[in-house]
Structures are given as structure tokens and as C-alpha cells.
Amino acid sequence: MSLPTVDTTVTYPSGAVESTGTVLHVQDLGDGTRAVLLDTTAVHPVDAGWPDQGADRAVLTVAGGVSYELQDAVVAAADGSSLFLGADIPVKKGTEGWAFTVAHVLPAAAAVQEGESVRIEVDGAYRTALSAGHTACHLASLALNRQLAGAWKKDVMADAAGNPNFDALAIETSTIAEHGSTDVYRLGKSLRRKGFLPDALLADLPAAEAGINTILAGWTATGAEVRIECDGGGLTDMRRWAVDLPDGTVRIPCGGTHAASLKETGGIQVTLTADEGDGAVTLTMDTRCVQPAG
């Protein structure tokens, strides 16, 4: 079969951990692995553009009951004649004439044939842990922005809750872990030119940390439902993380997986640390679910 011409249908936004799909394309990658493309999958892949959440752990089972453990799952793109994986993708999502797909990476010896039906089973416990971590990450970023709302002397872009978006303006890296996340921010000249006053944060970091945790405690105590709002079922269709907080509903564009409610996080707490170097301060926010469900 030829390379796919439409995006993979993905079912993980609804929480699915099992799926059945048809193999559209198999391609050896030259490093002892091969990419298997399906029309439908429950596997969440890592995105090279913003790889904050890693790939699901999963098993692919072919006819006859032979199973193969995925070595990786990454976003790939095809232009009808060539397949590009991860950082090698030369175009933006949604580019006309390109199909974006999930590449299930298996050992090169895996006997998977184009045209056959295969079953996907995702490690549910690992998915749940990452989903809780991702939900905690979003909530912590909103709490951080709210805590620092008074630390600006200029108007800047707002976050989903209407507060100055420190998270978006200062973020360097974000890494989703099981039941938590680590976000690294740079407080340099560029941020100060935008109007941020670093001393409002750094003069009393423990107070800022305590303030964020107080905000988080109030939000998580509501146990609010978390929703993933989808504009379609394709890999590149817009999806938004949505939750009703006491001051209103917030929505954040997000392609990851999430807990079904704030109750599942078991409470969220952050720890802030700051380090100086290279003419800027690096702020690290470690976020952890206190007693996550499951």
C-alpha cells in the first residue's frame, strides 16, 4: 500500500487505551527498527515540535496473536512519496498535500504486513500517570501566572484565565513525568523588556511558592471535571484542555492526554528553585501530584 494521504485517526483524546487499525505502510528505518503506520490508533506519540509528553508504552498484536512491544511512537509526515519522522519533518502541521500520522516504531524483524488488521494495547497505568502529570502541569502554569499577575509593569499577552502569561513568555522547556512535570523558565533581558519585574518573584521565592500552592489547593479541592474538546478525530485537528475553575472556564490548546478530573490528581504542589548564570536567572518549577488516584 502507498503512504497515507490523510491524517491518522487518533482515539487517545477520549481516553482510549485499546484500538484496532489497518496497517497502511511499513518502512524500515535503517537503524534496526521499522515504522508501522495505521489508519487508527490509541497510541499517543511524542511530537518533535513540543515534546513535553513522551510516547505511550504499548503493544501491537498481529493476526495469529504475535505481539511486539513498541520501541517508540513519534509523529511523522508523508507527502505522497516520502516519509519524514520527528525532527526531520520539513513542514508545519496542516500543510496542504501532507498527511500527518503516528509512526509506531517496532524492531525491524517484526512481521507486520501492509493491509492486515492489528490490535493496539496501551499500558493504562503509565498513561494514567502521564495524564495526571500533564493536567497538573497546566494547572500549575495557570497558578504561577496568577501568582505573578502583579509583577508586570506593561500589558502582555494573557493566559486562558486572563492573567499575564508568564508561563508562555518565559518558558524554556517543559517535561511531563509520571504524576508531575518540570518547567524551566528564563528570566533574562528579553523578559524584563516585556515589563516583567523579577524582584517581585525572586525577593521572596518561598512566599511565591506558598502562594501558588494555596491557589492550587483551592482549585483541586473542587474536583472539577477535565474535558478534551476536539474539532475532529485526526492527529492534527485542534484539541483543547478545558476545566471549570471557580473564576470561570479555562481552555488551553493541547495535544496530550489528561486526567478525567482534578480529583484524580490527589492535590497538586509545586517547588520553585532559582539559579543565576549567563546574565539571566533560571527558574525551575517542579510540580507533583500529592496522592494521585490509581
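List of remarks:
Residues checked against (1) surrounded by 15 or more Cβ atoms within 10 Å (Cβ to Cβ); (2) within 26 Å of T175 (Cα to Cα); (3) charged (D, E, K, R):
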{"position": "T22", "(1), (2), (3)": "no, no, no"}
{"position": "H25", "(1), (2), (3)": "yes, no, no"}
{"position": "G30", "(1), (2), (3)": "no, no, no"}
{"position": "A42", "(1), (2), (3)": "yes, yes, no"}
{"position": "P45", "(1), (2), (3)": "yes, yes, no"}
{"position": "D79", "(1), (2), (3)": "yes, no, yes"}
{"position": "S82", "(1), (2), (3)": "no, no, no"}
{"position": "G86", "(1), (2), (3)": "yes, yes, no"}
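- Taken over the stretch 144-172, the criterion of being touching a residue at least 60 places away in the same chain (Cβ under 8 Å), farther than 24 Å from T249 by Cβ and either in a strand (DSSP E or B) or touching a Gly at 6+ places or on another chain (Cβ under 6 Å) (or both) is satisfied by E172 alone.
- Considering the stretch 173-190, the residues that are free of Cβ contacts under 8 Å to residues at least 60 places away in the same chain and over 23 Å from V250 (Cβ atoms) include one that is surrounded by the fewest Cβ atoms within 10 Å (Cβ to Cβ), namely S190.
- Criterion: in a strand (DSSP E or B), outside the structural domain of T175 (by TED's automatic domain parsing), in contact with a His (Cβ under 8 Å, 6 or more places away or on another chain) and among the β-branched types (V, I, T) - qualifying residue of V36, V43, V102: V36
- Test: T222 is touching a residue at least 12 places away in the same chain (Cβ under 8 Å), outside any strand (DSSP E or B), touching a strand residue (DSSP E or B) at 6+ places or on another chain (Cβ under 6 Å) and among the polar types (S, T, N, Q): no
- The residues listed here are T271, T287, T265; of these, the one that is among the β-branched types (V, I, T) and surrounded by fewer than 22 Cβ atoms within 10 Å (Cβ to Cβ) is T271.
- Whether a residue is at pLDDT below 95, surrounded by fewer than 21 Cβ atoms within 10 Å (Cβ to Cβ), more than 22 Å from the chain's Cα centre (by Cα) and not β-branched (V, I, T) was assessed, and G64 passes this test.
- Just one of the listed residues (G49, G94) is farther than 15 Å from T5 by Cβ and either of a type outside the set (F, W, Y) or assigned to a loop (DSSP other than H, G, I, E, B) (or both), and it is G49.
- Residue, farthest from T284 (Cα to Cα), within the stretch 173-214, restricted to residues that are small (G, A, S) and assigned to a helix (DSSP H, G or I): S190
The values are calculated or read from the model by the stated rules, or taken from the named source; none is laboratory data. Everything numeric here is computed off the predicted structure, so don't read it as measured data. All Cβ positions, even for glycine, are placed from backbone atoms using ideal geometry, and neighbour counts span all protein chains on display.
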